[in-house]
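No lab work stands behind these numbers, since they all come straight from the coordinates. It should be emphasised that the depicted structure is a prediction, and the values quoted were computed from it without experimental measurement.
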Amino acid sequence: MRVFSPVRWRGKGLITYFILIGDFLLCLTLVIYTNGLNSSFLLYSLNPIMAAALLFEERVALALASVASVTLSLTHVFLTRLDDRWAWIMQGHNLTLLIVFTLFCFVGAMVPYRINLNIRRRIERKRFLKRGDG
């Protein structure tokens, strides 16, 4: 969705939030409809979370990580209760995969934001020191 949008990604206007949410919903839909935790889109679903961590406030990225984790968890639990043919979802290593996915969501939300914050502080400190020397 970002490719087709003429807006600048760095501008944090309302349209940018809509694009991010649209991308996030597309990712979740792809994961849910293509076999959940066994989906080939599972790694792709972390993309909007990391984009939010790099471009927005930390709370936006953490909110997306929370929604992704809860949505995938609830989808798997409700599918197993809905019909016996979905019982395999909570068997085997799928619970482990769900925990690992949740961990990756939150790490993907926090680490890029913190790295950007540290880089920004370092750049501002260097600018301040250069102004003080000159």
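Provide the gained length on full extension for the span Ala63 to Leu97, in nm with one decimal, where the gain is 0.36 nm per separating residue minus the Cα-Cα distance.
10.2 nm
Can you work out the Karplus-derived ³J(HN,Hα) for every residue in region 64-76? Use 6.51 cos²θ - 1.76 cosθ + 1.60 with θ = phi - 60°, whole Hz, and x for glycine or proline.
Listing the rounded values in order: 5, 4, 5, 4, 4, 5, 5, 4, 5, 5, 5, 4, 5 Hz.
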